[in-house]
Amino acid sequence: MTTNRRHYAFARHALVTAFGVVGARKGSRVLVPDFICRDLLASFAFAGVEPVFYAIDDDLQVKRGVTLPSADAMIVVNYFGFAADLTRVASVLPHPIPIIEDNAHGWLSADAAGTPLGGVSQRAAALR
């Protein structure tokens with residue numbers, strides 16, 4: 001049986017691949033939360049992608065009531081295994097863009113509906 005799953009020793013290598021999958025190339029702008037691991041930023045430098053930081057609230061969700069700048073993609077983080085609210089993300093985006101769901105700390109976690117975290121193709125459907 002074939003699968004489209006890939007395995008990586010380091011998440012930063014997976015992120016470089018994810019940039020290519022969503023069409024983020026050298027010079028592309030990608031939204032990234034301002035509360036983020038510095039190691040993730042190495043992937044931006046390697047790929048030549050520009051990080052555009054966005055604010056998160058105390059509940060570790062994208063800040064309410066702001067409109068995020070235009071970008072080619074966005075990274076949302078499931079902090080500590082708690083699901084990012086993709087409906088809230090959609091409410092602050094100026095237009096739909098590809099989402100990269102960072103689930104590094106959410107292995108075997110699920111959202112309120114029971115959908116496993118990290119399943120962007122399932123969860124990100126809320127943004128379309």
For ILE36, work out the one condition from (1) assigned to a loop (DSSP other than H, G, I, E, B); (2) surrounded by fewer than 14 Cβ atoms within 10 Å (Cβ to Cβ) it doesn't fulfil. (2)
With the structure loaded, tell me whether ALA11 is touching a residue at least 24 places away in the same chain (Cβ under 8 Å), of a type in the set (A, V, I, L, M) and either open to solvent by 40 Å² or more (accessible area, probe 1.4 Å) or touching a Cys at 6+ places or on another chain (Cβ under 8 Å) (or both) or whether it fails that test. yes
Among the residues of region 53-84, what is the count of those that are within 13 Å of PRO33 (Cα to Cα), free of Cβ contacts under 8 Å to residues at least 40 places away in the same chain and in contact with a Ser or Thr (Cβ under 9 Å, 6 or more places away or on another chain)? 1
Quick check on region 55-66. Is at least one of its residues among the β-branched types (Val, Ile, Thr), closer than 26 Å to ARG6 by Cα and under 12 Å from the mean Cα position of the chain (by Cα)? no
What tally of residues in region 42-78 results from selecting those that are open to solvent by 40 Å² or more (accessible area, probe 1.4 Å) and assigned to a strand (DSSP E or B)? 3
Does region 79-94 hold any residues that are buried (at least 20 other Cβ atoms within 10 Å of the Cβ) and out of contact with any Leu (no Cβ under 7 Å at 6 or more places or on another chain), and which are they? ALA84
Given the options ASP111, ASP72, name the one that is among the charged types (D, E, K, R) and farther than 17 Å from VAL30 by Cα. ASP111
Between LEU86, LEU108, LEU93, which is modelled with pLDDT under 80 and aliphatic (A, V, I, L, M)? LEU108
Every residue in region 18-33 that is under 13 Å from the mean Cα position of the chain (by Cα) and assigned to a helix (DSSP H, G or I), please. ALA18, PHE19, VAL21
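The values are calculated or read from the model by the stated rules, or taken from the named source; none is laboratory data. Because the structure is a prediction, the values reported are computed rather than measured. For neighbour counting, all protein chains shown are included, and Cβ atoms are generated from backbone atoms with ideal geometry for every residue, glycine included. Ligands, DNA and RNA are stripped out before the accessible areas are found, and what is left, the full protein with its side chains, is counted by its heavy atoms. Shrake-Rupley method; radii C 1.70, N 1.55, O 1.52, S 1.80 Å.
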